[in-house]
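Student: Handing you this structure, nothing more for now.
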Amino acid sequence: MTPKAALKHYFGYTEFKAGQKKVIDLLLEHKNTLALLPTGGGKSLCYQIPALLEDGLTLVISPLISLMKDQVDSLQQNGIPAAFINSSQEFETAKAVLTRARRHELKLLYIAPERLENQFFLELLQTLPVSLVAVDEAHCISQWGHDFRPSYLKLPALLAQLPVSPTLVALTATATPQVAQDIKELLMIPAENEVKTSFARDNLTFKLIKGTDFEHYLLSYLKQNPNDSGIIYASTRKKVEQLGIMLNKMGIKAGIYHAGLSELQRRESQEDFLYDRTPIMVATNAFGMGIDKSNVRFVIHAQVPGSLEAYYQEAGRAGRDGLPSEAILFYKDADLQVQRFFIDNSQADEQHREFDYQKLQALTRYANTEECLQRFLVQYFGQDCPDCQKCTNCTDTREKQDITKEAQMIMSCIVRMQSRFGKKIVAQVLAGSKAKRILELNFDQLSTYGIMHQKTKEIETLIDFLTASGYLKTSSGQFPTLHVTQTGLAVLRNQAKVYARSEKAERNSKQRVESGLFEHLRKLRRQLAEAQHVPPFVIF
Ligand code: ADP
Ligand code: MG
């Protein structure tokens, strides 16, 4: 049977999705392969079809127990002998499954990576007639991935000890170039056997929402899209519960899911969602890996997740059926604190913590970019694509102004003054105020004194803007001090630019619509130009 005939015969589809055929062909030639296909790209079929066409057993390493059962159920419904082994089973059941596998009665055997930790199972697995090993969600093997599972590291040893060396395929939708490299090295996949299709999700519209009240936004969104199924992600169990209660109070049917619920509760909640009994799921990131619900029309992040990898994977659960869907990120600077808290309190060592901070940083850059959001994400994963023309950045018609220079002046001043002062003083120093308390400051902090000459009001507006956009932050407490964030530091180092938007000025109209910030900016520019002597500003 050809792969195409198998596609029709077992799964009822007539055409392959992008990349599927290439992966299947490589595997039929017994070449170790890395498949980088987007969420919903049909990665499962890439190993299921070779499993059916080849002799021997296909071992599938899959990280989620609930998912495993669903996959096996649906394979069995298609008449394919498949089974799974995971920790939820009785020992006897697992042993019976292994016996069937050894007798060549199974085509596919799914196992949870944690089983590889068990020496007894490992030895049993080594007696199986394995011809293909599929490592699903393969980014879990990389320490640089966003969901590292140490058990995955047991894989190379298992592979080495199998009686006949099997072909291997690693599959993932979220690998940065570094993670892809890691997977290839650890699993011995030659560079040329990487199959990569565009990571762009053409049917998704990415939206970035800032500066509004989330609950208000959510309610009006759900009102406008009353029959749609969607997922709302929040960072903490508490927030999930609170949103769940709020929605149900408003008469909107929503289930909740997080790791603090019992297994039964989680299973019920997941099934109610999968079978469209509750259209909306409010969840932490515990929900969704590998969930194959095709008609999810929106994924809304109430709070920022910890990385762009996590974001793209979670957002990617929208529109798996290819129909237009939305991925909405609600961004608030304060929510970054939640993620920082997670990092600070994680078990990770210093180096990984630093790495997690960098990931969070990338997310902040996404939240502040003026570029096409889809393109930004695709570039993050080492590819490129045209601007999508439909994300909130592509469709933003407001005038854009480069305010990098002004931002650098403000940040330099803050850094020079060792982040010990608040907005008022910083603005006064930059403006060159003659106020007594400013003149009394005597350290070399004053090298930025007067570089923005005159009006403090305008500078304060700019500081507010930079704070709201995540370039600056203020400490809490009675006398809040200004600090430059990691995002801001990138600007100081000339690695990123800062733009401000204003309502597009109506041409030929006297009533120009301008935001307060722009008015201030114009004044400031005028003043800077008029100033006779502008000391060189210092970039830290
Ligand atoms: P991934 O693991 O890449 O996120 P899945 O393997 O779960 O994606 O597949 C996503 C959906 O696409 C499933 O419902 C699957 O049945 C469907 N699918 C896979 N391949 C094809 C194909 N060639 N034609 C149509 N639908 C497909
Ligand atoms: Mg999958």
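Student: Starting from residues that are part of a loop (DSSP other than H, G, I, E, B), at pLDDT 90 or above and closer than 13 Å to GLY56 by Cβ, keep the ones in segment 128-171 and report whichever is farthest from ligand 2 (Cβ to nearest atom).
Tutor: Per the stated criteria, the residue is PRO129.
Student: Go through segment 1-41 and give me each residue that's within 10 Å of ligand 1 (Cβ to nearest atom) and more than 26 Å from ASP321 (Cβ to Cβ).
Tutor: none
Student: In this structure, is ILE300 touching a residue at least 12 places away in the same chain (Cβ under 8 Å), of a type in the set (Val, Ile, Thr), surrounded by 16 or more Cβ atoms within 10 Å (Cβ to Cβ) and within 16 Å of ligand 2 (Cβ to nearest atom)?
Tutor: In short, no.
Student: Kindly provide the set of residues from segment 172-196 that are part of a helix (DSSP H, G or I) and not aliphatic (A, V, I, L, M), ordered by number.
Tutor: Those that are part of a helix (DSSP H, G or I) and not aliphatic (A, V, I, L, M): PRO177, GLN178, GLN181, ASP182, LYS184, GLU185, GLU192, ASN193.
Student: Collect the residues in segment 29-83 that are more than 16 Å from ligand 2 (Cβ to nearest atom), assigned to a loop (DSSP other than H, G, I, E, B) and among the hydrophobic types (A, V, I, L, M, F, W, C), keeping them in residue-number order.
Tutor: ILE80
Student: How many of the residues making up segment 14-28 are within 16 Å of ligand 2 (Cβ to nearest atom) and surrounded by fewer than 17 Cβ atoms within 10 Å (Cβ to Cβ)?
Tutor: 1
Student: Quick check: is even one residue across segment 96-107 at pLDDT 90 or above, surrounded by 15 or more Cβ atoms within 10 Å (Cβ to Cβ) and within 23 Å of GLN270 (Cβ to Cβ)?
Tutor: Scanning segment 96-107, I find no residue that is at pLDDT 90 or above, surrounded by 15 or more Cβ atoms within 10 Å (Cβ to Cβ) and within 23 Å of GLN270 (Cβ to Cβ), so the answer is no.
Student: Among all residue pairs at least 6 apart or on different chains, which show Cβ distances below 9 Å where the first residue, located in segment 6-28, is part of a helix (DSSP H, G or I) and the second is within 16 Å of ligand 2 (Cβ to nearest atom) and among the charged types (D, E, K, R)?
Tutor: GLN20/LYS43; VAL23/LYS43
Student: Moving on to the next point. Do the conditions hold for ARG353, that is, is it farther than 30 Å from ASP396 by Cα and among the charged types (D, E, K, R)?
Tutor: Yes.
Student: For the list (1) surrounded by 15 or more Cβ atoms within 10 Å (Cβ to Cβ); (2) at pLDDT 95 or above; (3) farther than 30 Å from GLN347 by Cα, I need the number of the one condition that PRO190 fails.
Tutor: Against the list (1) surrounded by 15 or more Cβ atoms within 10 Å (Cβ to Cβ); (2) at pLDDT 95 or above; (3) farther than 30 Å from GLN347 by Cα, PRO190 comes up short only on (1).
Student: Give me a count of the residues in segment 264-286 that are aliphatic (A, V, I, L, M) and more than 24 Å from the chain's Cα centre (by Cα).
Tutor: Selection size over segment 264-286: 1.
Student: Return the pair list, or none, for Cβ contacts closer than 6 Å from residues in segment 378-405 that are within 30 Å of ILE451 (Cα to Cα) to residues that are of a type in the set (Asp, Glu), at least 6 apart or on different chains.
Tutor: From residues that are within 30 Å of ILE451 (Cα to Cα), the pairs are ARG398/GLU503.
Student: Related question: Just checking, how many residues over segment 303-327 are more than 17 Å from ALA200 (Cβ to Cβ), hydrophobic (A, V, I, L, M, F, W, C) and crowded, with 23+ Cβ neighbours inside 10 Å?
Tutor: Residues flagged as more than 17 Å from ALA200 (Cβ to Cβ), hydrophobic (A, V, I, L, M, F, W, C) and crowded, with 23+ Cβ neighbours inside 10 Å within segment 303-327 amount to 1.
The values are calculated or read from the model by the stated rules, or taken from the named source; none is laboratory data. The structure displayed is predicted, hence computed values, not measured ones. FYI the Cβ positions are ideal-geometry reconstructions off the backbone, even for glycines, and counts take in every protein chain you see.
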